[in-house]
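What follows is a set of notes on a single structure, which appears directly below.
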Amino acid sequence: QVHLVESGGGSVQAGGSLRLSCAASGESVSIATMGWYRQVPGKQRDLVARISRGGSTDYVDSVKGRFTISRDSAENTVYLQMNSLKPEDTAVYYCNYHRDLDDFWGQGTQVTVSS
């Protein structure tokens, strides 16, 4: 069992920055693909960024150049640095642990960007 706890969400103005954290317990974040997803009311949960076991990263086109996903194995934590935030980035952000057939989710953290 993997337990994920997100933090770092909040309200910012457009152009601002936030750093989300996902602290994991139960398994190492280094042996899984760790992802950040976001969801707005009435829509599906979409992938924002992910980092593989080998360290390669993927981003949705809308956040490329603005968001950076990283992993701290010693802290067993995954981060999402979000810069140049836009109102359309407003959503609940969820951390995901994916390995083989296992998927675990955090409880989510709200990010609100005002114009």
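The values are calculated or read from the model by the stated rules, or taken from the named source; none is laboratory data. If you're wondering where the values come from, they're calculated on a predicted model, not measured in any experiment. Every residue, glycine among them, receives a Cβ derived from its backbone with ideal geometry; neighbour counts consider all protein chains shown. Just the protein is used for accessible areas: all its heavy atoms, side chains included, with ligands, DNA and RNA removed. Shrake-Rupley method; radii C 1.70, N 1.55, O 1.52, S 1.80 Å.
One table, with the values for the structure above:
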| quantity | calculated |
| --- | --- |
| Over the chain, relative contact order from alpha-carbon pairs under 8 Å, at least 6 apart, % | 37 |
| Difference of contour (0.36 nm per residue) and Cα-Cα distance, D61 to Q110 | 15.5 nm |
| Residues of the chain: accessible area per residue with a 1.4 Å probe, Å² | 52 |
| Point-charge dipole on Cβ atoms (K/R +1, D/E -1) for the range 26-75, about Cα centre, debye to 20 | 200 |
| Projected label distance in nm at D100 and A74, using a 7 Å step from Cα toward the beta-carbon | 3.0 |
| Using θ = phi - 60° and Karplus 6.51 cos²θ - 1.76 cosθ + 1.60, couplings along the range 23-40 (whole Hz; Gly, Pro as x) | 8, 10, 9, x, 8, 7, 5, 7, 9, 9, 8, 9, x, 10, 10, 9, 8, 10 |
| Gain in span if fully extended, S28 to K86, counting 0.36 nm per residue against the direct Cα distance | 17.7 nm |
| Sequence-separation-based contact order of the range 71-115, relative, with Cα cut under 8 Å and 6+ spacing, percent | 37 |
| Base-10 log of normalised Debye intensity for the chain (one unit scatterer per alpha-carbon) at q = 0.14 Å⁻¹ | -0.51 |
| Theoretical gain in end-to-end length, S52 to V5 [0.36 nm per residue, Cα-Cα removed] | 15.0 nm |
| J(HN,Hα) series, the range 47-54, from Karplus relation 6.51 cos²θ - 1.76 cosθ + 1.60, nearest Hz, glycine and proline x | 5, 9, 7, 8, 10, 7, 4, x |
